[in-house]
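Following: one structure in structure tokens, then a few remarks.
Derivation of every value follows stated rules applied to the coordinates shown; laboratory data play no part. These numbers were taken from a predicted model, which means no experiment stands behind them. Note that each Cβ is placed from the backbone with ideal geometry, even for glycine, and that neighbours are counted across all protein chains shown.
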Amino acid sequence: MSKALFAGTFDPFTLGHKSIVERTLAIADEIVIAIGINPNKQTMFTLEQRLEYINQVFADNPRISVTYYEGLTTDFAKTIGANFLVRGVRYVKDFEYERQIADVNRQLSGIETILLFTEEQYANISSSIIRELIGYGKDVSQFVPLPITH
């Protein structure tokens with residue numbers, strides 16, 4: 001049985017995350033979506049809002065579980081018995097950086113990392129653009145898979 005760990009902040013505005021999870025289901029028996037907690041980092045969404053969003057999107061899939069973690073991703077991956085990590089790449093220019101992170105993760109933990117590009121239509125949509133549009137009262141429903149409640 002293979003288990004993938006997809007760790008990060010999982011911003012509800014980043015549609016590429018949803019796409020990556022859906023494509024990972026084709027290569028893993030189980031996916032753990034883990035939201036990294038950094039007490040010093042200010043974010044737009046609380047942990048509870050992020051967990052609620054992920055549970056709404058993936059509620060009907062028993063192969064997906066959601067949790068949070070603190071510390072190194074590689075340590076957490078070992079704790080949950082993940083066979084591999086999944087990381088999203090938005091732009092080709094970021095691929096080399098992500099590959100280097102994957103190499104470091106392999107050296108630290110022995111766990112391989114699979115890099116998946118976000119789907120092209122989502123690559124140029126940044127959460128900061130969406131936040132700005134919302135600030136101006138614009139309809140962003142075409143970019144957000146579910147209504148965001150605060």
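Does Gln42 satisfy being in a helix (DSSP H, G or I) and either out of contact with any Gly (no Cβ under 7 Å at 6 or more places or on another chain) or over 24 Å from Ser141 (Cβ atoms) (or both)? Spelling it out, it is not the case that Gln42 is in a helix (DSSP H, G or I) and either out of contact with any Gly (no Cβ under 7 Å at 6 or more places or on another chain) or over 24 Å from Ser141 (Cβ atoms) (or both). The residues in the stretch 22-73 that are loosely packed, with under 12 Cβ neighbours inside 10 Å and among the small types (Gly, Ala, Ser) can be counted, and the count is 3.
The single condition among (1) in contact (Cβ under 8 Å) with a residue 60 or more places away in the chain; (2) under 18 Å from Ser2 (Cα atoms); (3) polar (S, T, N, Q) that Gln56 does not meet is (2).
Scanning the stretch 90-115 for residues that are under 15 Å from the mean Cα position of the chain (by Cα) and either among the polar types (S, T, N, Q) or buried (at least 19 other Cβ atoms within 10 Å of the Cβ) (or both) yields a total of 1.
Screening the stretch 56-125 for strands (runs of 3 or more DSSP E) wholly inside it with 1 or more residues that are within 21 Å of Asn38 (Cα to Cα) and β-branched (Val, Ile, Thr) returns the ranges 64-69, 84-89.
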